[in-house]
Amino acid sequence: MAISGVSNHSYNYYDYSKLDSTSWEQNAKDQADKITSSVTGTSSTKSTTASSASGFLMGYQTRLEDVESSAAKLQMFAKDNVFQKYDEALRNAAAAPDDKAAADKVDKAVDDIVAAAKDFTSKINSTLSYLKNNTGLGSGVSAQLDTFKRSLPTDKTLKALGMGYDTNGNLTFDEDALREAIENDPDEVKELLGGQFGLAERVGSKATKILDSSVNSIMGGTSSSSNTSSTDKTNTTGSTNSTSTGTSSKSSSTSDSFKQFASFARSGAYNLSNYYAVSMLNILV
């Protein structure tokens, strides 16, 4: 029996028929994706463009570590490098000239050199493209791009390795040209590509040096201690020593390495919202 003056639907404070758990779930996923994108610097439309300084640092770290690893395969003084295996295969083939298996190992060693060089070229281009796509984050990124470019050799050296530059400044790689160079003058290829001052050493050591740099030096930002330096400079009664002290203070305040910061940021979006993360990010402004 209906109660007088009360609608039959008065108890229906919520229309449960309109609830859609699927849309709730999708909305939550979309929000999570946005957070992940801001932290990792990825997006569905432009995966090499970071949306924040922290995202850039993490993406840059990954690419530099890839360059390091790829370069090590080509460095003659590195453990288990491709040239070491090539020399070993040559010695075995020379000792058994009629052994087809030994000859096949030489061919396999050449294939490994070519594959390693191709991968190395790809890793370099990935880093160059990443820096180019993120120059909008500040002058520090542009400086990183210029520094990385300076580690690359001249056109003449690259040509001897079957490489060159395209119109965008990225490296090109000609597999057949490198094979021909190895056949004609393997010692020159080893020296130019994997020697002490070769391409792999130049670029690989540059990647290592950047990874060991401070966040401040990479992003070109200023730390809070710059205020101290500024005060010292504007103090007309101060001495040269006071300015020096300010500079020293700034250096010590940015001693946290790039890799430490990137590893911290990578541990999750939540960490980037806490007090310590905010303090670290302040030096990027």
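Read-outs: derived from the displayed coordinates by stated rules, not from any lab. Given the structure is predicted, the values throughout are model-derived calculations rather than measurements. In this analysis, Cβ positions are derived from the backbone assuming ideal geometry, glycine residues included, and neighbour counts consider all displayed protein chains.
Brief remarks on what is shown
- Calculated SAXS-style log₁₀ I(q)/I(0) at q = 0.12, 0.13 Å⁻¹ - the range 51-212, Debye, Cα scatterers: -0.55, -0.63
- Derived scalar couplings between HN and Hα for the range 184-197 equal 7, 8, x, 5, 5, 4, 4, 6, 6, 9, x, x, 4, 10 Hz in order, rounded to whole Hz, by the Karplus curve 6.51 cos²θ - 1.76 cosθ + 1.60 (θ = phi - 60°), x for Gly and Pro.
- Extending 7 Å from Cα along the Cβ direction at D98 and again at D176 yields two label points whose distance is 3.5 nm.
- Under the convention that each Lys and Arg Cβ holds +1 and each Asp and Glu Cβ holds -1, the size of the dipole of the range 123-177 around its Cα centre is about 260 debye.
- Charged-residue dipole, Cβ positions (Lys, Arg, Asp, Glu), the range 51-212 about Cα centre, Debye nearest 20: 760 debye
- With viscosity 0.890 mPa s and temperature 25 °C, the Kirkwood radius over alpha carbon pairs of the range 67-137 converts through Stokes-Einstein to a diffusion coefficient of 179 µm²/s.
- Surrounding net charge for N125, when Lys and Arg each add one and Asp and Glu each subtract one, Cβ distance under 13 Å: +2
- With a threshold of 24 Å on the Cα-Cα distance, the over-threshold entries among K132/K190; K73/K132; K105/K149; K159/K206; K118/K156; K85/K190 are K132/K190; K73/K132; K105/K149.
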